[in-house]
1. So if we plug the beta-carbon distance of residue 175 and residue 56 into 1/(1 + (r/R0)^6) with R0 = 22 Å, what FRET efficiency do we get, rounded to 0.05?
2. Take peptides 8-19, 143-154 and line them up by average Cβ neighbours within 10 Å, highest first, as a rough protection proxy.
3. Once R0 is set to 25 Å, what does the formula 1/(1 + (r/R0)^6) return for the Cβ-Cβ distance between residue 10 and residue 30, expressed as a FRET efficiency to the nearest 0.05?
4. How many nm separate the modelled label positions at residue 146 and residue 110, each set 7 Å beyond the Cα in the direction of the Cβ?
5. With just the Cα atoms of the stretch 13-165, tell me how far they stretch along each of the three principal axes, in Å, largest first.
6. Separation between the residue 77 and residue 139 pseudo-spin-labels, each 7 Å from Cα along Cα→Cβ, expressed in nm?
7. Given R₀ = 35 Å, what would the calculated FRET efficiency be for residue 184 paired with residue 41, taking r from the Cβ atoms and rounding to 0.05?
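The numbers here are math on the coordinates, done by the rules we state, and not lab data. Keep in mind that this is a model prediction, so the values were computed, not measured. Virtual Cβ from ideal backbone geometry, glycine too; neighbours counted across all protein chains shown.
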């Protein structure tokens with residue numbers, strides 16, 4: 001397998017340096033290893049950061065955004081993103097029970113959130129071909145067509161990071177190590 005460099009602003013290609021410096025400020029002095037790996041392709045790093053900023057402006061509430069992210073990470077077996085997003089979700093106030101459920105594939109207690117988790121799951125598992133009943137379940141939970149499209153955006157964003165981590169075998173940062181995860185953590 002190809003070995004990937006985890007870049008710093010000093011080693012990154014010129015176009016990636018300001019992106020890493022911005023991440024360093026945003027993350028309180030650290031640069032997540034994912035960003036360091038992505039910096040090899042400044043376009044990928046920029047796309048990921050921009051999609052994250054755009055996803056934050058969707059119709060989904062912050063807790064719902066974390067549900068989508070963690071669901072996609074779970075379905076794509078991304079050890080790095082599960083650890084990172086579990087940490088971020090915890091700091092954002094997502095209840096521990098929800099984080100634990102999302103990390104194992106268990107249903108969420110809130111029926112609305114569970115409908116969102118199920119829809120994101122179906123979209124990943126069926127590669128964007130949900131059955132009409134899958135869509136109707138999401139809509140019946142009080143979501144709308146914008147939600148469907150916003151979930152697709154979240155899946156696209158996480159696909160960039162999940163696939164990067166699969167290829168690069170990105171090591172989990174110490175800041176995220178408390179939430180280390182592997183496929184064996186699944187209950188299903």
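1. For residue 175 and residue 56, the calculated efficiency is 0.60.
2. Going by the mean number of other Cβ atoms within 10 Å, highest first, we get 143-154, 8-19.
3. Working from the Cβ atoms, E equals 0.95.
4. Between residue 146 and residue 110, the label points sit 1.8 nm apart.
5. Here the spans come out as 48, 30, 26 Å, largest first.
6. 3.5 nm
7. So, using R0 = 35 Å, E works out to roughly 0.70.
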